[in-house]
Amino acid sequence: MRNVIAIDGPSASGKGTVAARVARELGWAYLDSGALYRLTALYAREQGVTWTDEAAVAKLATDLPVVFDGERVLLNGCDVGATIRSEAIGMGASKVAALPQVREALLQRQRAFAENGGLVADGRDMGSVVFPQACLKVFLTASAQVRAARRAKQLGIACGGAEFDRILADIQARDAADTNRSTAPLRQLPDAYLLNTDHMGIEEAVNQVLDWFNRACA
Ligand code: C5P
């Protein structure tokens, strides 16, 4: 698929920022697939459905009343953009994302994003399951320590204290859950380019992806 770039990687790696910037540079659409799992977790919580009830959560995922309106994410008409970014909903997303029926329920919805032109999609299984024919696959990562430091900076939390330790522990827990699950685990594919951003800013990462794109998809 010449019109799809798949960017996968662990939580807080910066792949969302890089993917959105690459999409803007190319004039392509951007899919934040993690938002769909986060929305499913939030919707389940609102509906009183436990995150482990596979059939019930899958039903909610199929019927997800979501509208992406520019920067805004509306669930049942309410802007939930900030709510779905909480660590609690992130953990819930990781739980519902481990359920095969839920992943199946969200599959077509994700593929539909590529029907009307170019798409940059980020997540955990963009290259392995959702868009295996993408012309460019990138595995974007950074060490857990660096990712925790970036998240702490975003939240205005000093490095090294108890709050920082909690952020690092959350990131490590989510890495473990996403990597060790049996359905669509997070992994670097043999045909994906590795982009480690430990010592790299956003600008440089975006330029690297665009450079690979020009070589792989032209
Ligand atoms: O990327 P983000 O942190 O928003 O994703 C939230 C959770 O959703 C991840 O921890 C992961 O478990 C799940 N996810 C997934 N597959 C994707 C995107 C996200 O399993 N393609």
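Before moving on, here are some points about what is shown:
- Nearest-20 debye value, the chain charge dipole, Cβ charges on Lys, Arg, Asp, Glu: 120 debye
- Legend: calculated FRET efficiency, R109 to R187, from the Cβ-Cβ distance at R0 = 22 Å, rounded to 0.05, equals 0.45.
- Along principal axes, Cα extents of the range 100-218, largest first, whole Å: 46, 37, 26
- 27 Å tail of the calculated P(r), the range 1-129, as % of Cα pairs: 13 percent
- Dividing the summed -39500 (n - 2.57) terms of all DSSP H runs of n ≥ 4 by the residue count of the chain sets its mean residue ellipticity at 222 nm at -15500 deg cm²/dmol.
- Part-to-part distance (alpha-carbon centres) for the range 179-218 and the range 23-98, which is given in Å: 24 Å
- Both radii are taken from the alpha-carbon atoms of the range 1-44; with Rh as the Kirkwood radius, Rg/Rh is 1.02.
- Here is the list for the range 74-135: GluC sites (Glu not before Pro) lying in DSSP coil, each with at most 14 other C-beta atoms within 10 angstrom of its C-beta, are E115.
- The apolar share of the surface of the chain, taken as the fraction of accessible area on carbon and sulfur atoms (1.4 Å probe, ligands and nucleic acids excluded), comes to 52 percent.
- Unpartnered cysteines - no second Cys beta carbon under 4.7 Å - across the chain: C78, C159
- Loop-located trypsin sites (Lys or Arg not before Pro) in the range 1-93 (DSSP state other than H, G, I, E, B) with a sparse environment of at most 16 neighbouring Cβ atoms within 10 Å: R2.
- In a fully extended conformation the segment linking V129 and N207 would gain 25.5 nm over its present Cα-Cα distance, using 0.36 nm per residue.
- Over the C-alpha trace of the range 90-139, radius of gyration and Dmax come out as 11.6, 32 angstrom.
- Size descriptor for the chain, Kirkwood hydrodynamic radius: 17.6 Å (Cα pairs only, one decimal).
- Percentage of interatomic Cα-Cα distances in the range 70-169 larger than 16 Å: 71 percent
The values are calculated or read from the model by the stated rules, or taken from the named source; none is laboratory data. Quantities reported herein were computed from a predicted structural model and do not represent experimental measurements. FYI the Cβ positions are ideal-geometry reconstructions off the backbone, even for glycines, and counts take in every protein chain you see. We work out accessible area using only protein heavy atoms, side chains counted, and drop any ligands, DNA or RNA first. Shrake-Rupley method; radii C 1.70, N 1.55, O 1.52, S 1.80 Å.
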